[in-house]
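The structure appears right after this line, and notes come after that.
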Amino acid sequence: MKRYNIVSVLVVFYIIAVVFTVIMFPVSTVMNNYKPDKNFEDFNSWYLDPELIIPADTENPSEIEGYERGCNIYYYARLPEKIEKGSALSFKMKNSLTEVYFIEPDGSRELIRERDTVNTKLFGQSVGTLWINLPLDSGDGGRLVEIVFSPCYNDTSCYLGEFRIGKASDIVTSAVSERYISAATCVLMFFCGVLLLVVHFIIKRIVTDLNNEMLFLGMFSCVTAGWALIETKFLNFLEFDTGALHNMSCMLLTLIILPLFLFYQRDIGKKNGFIIPAVCIVSTLDFVVCTILHFTGILDFHDSLTITHISIGFGCVCLVYTTYVRLFKHKIRYKTDLVSAVGMLVIAAFAGIDILRYRLAGTGDSALFTRIGLLIYIVSLGICSLSYTAEMVKKGTKAEIISRLAYEDVLTGMGNRTAYNEHVAALNSSSDYTFFMFDINNLKYVNDNMGHQMGDEMIMAASEVIGEVFRPLGRCYRIGGDEFVCISEAARDTEEYKELFYSRLKEYSRTHEHEFPLMVAMGSGVCRKGDNVSDVIDIADQNMYDCKAELKKNSPIVNGR
């Protein structure tokens, strides 16, 4: 097995092992009925006035009169009378800026959390989603809390939620465990994509004309998994810059459609060939326009999400149309094609549902349905693509065997006369070359008197010595029954290599017991820049025949060729 094949197998094994490790954690968690200590309680009693009369829905602030970007909305709540040491007030803050105060009985305010600052040139208007943990002391029981909430955008994506009071470590542990399965699903989807990419490049080494379906599917899987993982808000617990995560989520969303359609192009067919360029142009423009708008300060990535949603919507419509054509107007030949077609409808429908959920509500996991649909879709398409690729490998292997038979001498493994002629025809007159010509003495005698099997052994013995000495210099060919050539693309000291060759030939005859004497005539010629290649080959050939005649004088078999 070649070295790169061993490395490839190890890489695939490693990826599978990592995926198995990731899967085992949630499985073990479920099997052992793991439940984190819940030394905390939900804290959802918030009001719009300090008298705590008007209830507030912190997850839907857009319903409050006067809601707009940059406005201040005030939320109030009274902490429980009993606060244990080491407790915290925890909540999730999305696309908003907040300040938090304690309100004293005399009306004075104690600042306990300052408003965030945003690098608008880099991140836009928002710091993304933050998990806030405000330490509390046992003396804070019963105190009035005020949160000054300022939305960064005019849509429903700005809110506060998941308020909890209790032991800070348990609050974080619970929030992480609630999202672990979703995050693990995304990681699994990402590694499925990586596995498809690795398999593609491994097989590409074997079948050079392999299509890029598996490459595009792997890219689609990795990009989509990255976007969905960010949307679970799991990475926000790992000290990542939340503003950067917010931007990356929006940017990855613009990149999802393109590799999907590049993968799907074989199934769409030539009759609907206009769809691929149309979707690719729209998707590319979406990314370019949104990026330019963001870094010029006109609209940040979040503000331009409408453009991205329109682009994705256009892609979904195209998916539905092309899938309809495949299912009802074209004949489905294979079950894998049916799986692919139905999967396209599912992914289009699920993506549409998540876009509507985001546009209408803006809260919760905005990639929930997309993640479920994509995992099913990618796994099913991965199976389809692997099946198709396996068929291509079979065809490619057959084609490679045919190609080798056309250019390779079966007995010696050297190039044949066809390969030699093509090499000579491609030589450049502006370079130096050295031709080494060989002819086996007495092959006809051995064939006639000892059998053709012995003659084949004689040919293989000669080719072994020729290859050992001259393969490091260039390419070797068997151009006739007993004739060999080596072409070195440089000017060589022919006498030096002639001496080395005959020294190695004597050593071979001494260490190998054969019924035949191994004698090989050798001639050479050096072709300098501007020389005629055919003339130099004739010179090398004549030198070889002179050597052959000289060898026959001392040969114990004088009548053989």
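The values are calculated or read from the model by the stated rules, or taken from the named source; none is laboratory data. All figures in this text were calculated on a predicted structure; none of them were measured in a lab. All Cβ positions, even for glycine, are placed from backbone atoms using ideal geometry, and neighbour counts span all protein chains on display. Protein only, heavy atoms only, side chains kept; ligands, DNA and RNA dropped before computing areas. Shrake-Rupley method; radii C 1.70, N 1.55, O 1.52, S 1.80 Å.
Looking across region 65-84, the residues that are open to solvent by 30 Å² or more (accessible area, probe 1.4 Å) and either outside any loop (DSSP other than H, G, I, E, B) or farther than 29 Å from GLY141 by Cβ (or both) come down to GLU65, GLY66, TYR67, GLU68, ARG69, GLY70, TYR74, ARG78. Given the criteria over 23 Å from the mean Cα position of the chain (by Cα) and open to solvent by 10 Å² or more (accessible area, probe 1.4 Å), does ARG205 qualify? In short, no. The residue list PHE234, PHE216, PHE261 contains one member that is under 25 Å from GLY124 (Cβ atoms) and not polar (S, T, N, Q), which is PHE234.
Conditions tested, residue by residue: (1) open to solvent by 40 Å² or more (accessible area, probe 1.4 Å); (2) in contact with a Leu (Cβ under 8 Å, 6 or more places away or on another chain); (3) among the hydrophobic types (A, V, I, L, M, F, W, C); (4) assigned to a strand (DSSP E or B).
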{"residue": "LYS92", "(1), (2), (3), (4)": "no, yes, no, yes"}
{"residue": "VAL100", "(1), (2), (3), (4)": "no, yes, yes, yes"}
{"residue": "GLY107", "(1), (2), (3), (4)": "yes, no, no, no"}
{"residue": "GLN125", "(1), (2), (3), (4)": "yes, no, no, no"}
{"residue": "TRP131", "(1), (2), (3), (4)": "yes, no, yes, yes"}
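Conditions tested, residue by residue: (1) outside any loop (DSSP other than H, G, I, E, B); (2) of a type in the set (Gly, Ala, Ser); (3) on the phi > 0 side of the Ramachandran plot.
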| position | (1), (2), (3) |
| --- | --- |
| SER157 | no, yes, no |
| GLY161 | yes, yes, no |
| SER169 | yes, yes, no |
| THR173 | yes, no, no |
| TYR180 | yes, no, no |
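If you go through region 232-252 and keep only what is among the hydrophobic types (A, V, I, L, M, F, W, C), out of contact with any strand residue (DSSP E or B) (no Cβ under 7 Å at 6 or more places or on another chain), in a helix (DSSP H, G or I) and closer than 16 Å to LYS94 by Cβ, you end up with LEU235, ALA244, LEU245, MET248, CYS250. Among the residues that make up region 144-165, is at least one of them under 26 Å from LEU79 (Cα atoms), modelled with pLDDT under 85 and open to solvent by 40 Å² or more (accessible area, probe 1.4 Å)? No, there is no match, as no residue in region 144-165 is under 26 Å from LEU79 (Cα atoms), modelled with pLDDT under 85 and open to solvent by 40 Å² or more (accessible area, probe 1.4 Å).
Based on what the data block shows, is MET219 in contact with a Leu (Cβ under 8 Å, 6 or more places away or on another chain), over 23 Å from CYS152 (Cβ atoms) and modelled with pLDDT of 85 or more? Yes; evaluated as a whole, the condition is true for this residue. Filtered by the rule that a residue be open to solvent by 10 Å² or more (accessible area, probe 1.4 Å) and either in a helix (DSSP H, G or I) or in contact (Cβ under 8 Å) with a residue 40 or more places away in the chain (or both), region 438-457 gives LEU443, LYS444, TYR445, ASN447, ASP448, ASN449, MET450, HIS452, GLN453, MET454, ASP456, GLU457. Here VAL187 meets the list (1) open to solvent by 10 Å² or more (accessible area, probe 1.4 Å); (2) part of a helix (DSSP H, G or I); (3) under 19 Å from SER45 (Cβ atoms) almost entirely, failing just condition (3). Going through (1) open to solvent by 20 Å² or more (accessible area, probe 1.4 Å); (2) closer than 22 Å to ALA168 by Cβ; (3) among the small types (Gly, Ala, Ser) one by one, SER62 falls short only on (2).
Just the residues that are hydrophobic (A, V, I, L, M, F, W, C) and either within 16 Å of MET519 (Cα to Cα) or touching a residue at least 60 places away in the same chain (Cβ under 8 Å) (or both), please, taken from region 468-497. Correct list: VAL469, CYS476, ILE479, PHE484, VAL485, ILE487. Can we say GLY139 is among the small types (Gly, Ala, Ser), farther than 23 Å from SER174 by Cβ, open to solvent by less than 90 Å² (accessible area, probe 1.4 Å) and not in a helix (DSSP H, G or I)? It is false that GLY139 is among the small types (Gly, Ala, Ser), farther than 23 Å from SER174 by Cβ, open to solvent by less than 90 Å² (accessible area, probe 1.4 Å) and not in a helix (DSSP H, G or I).
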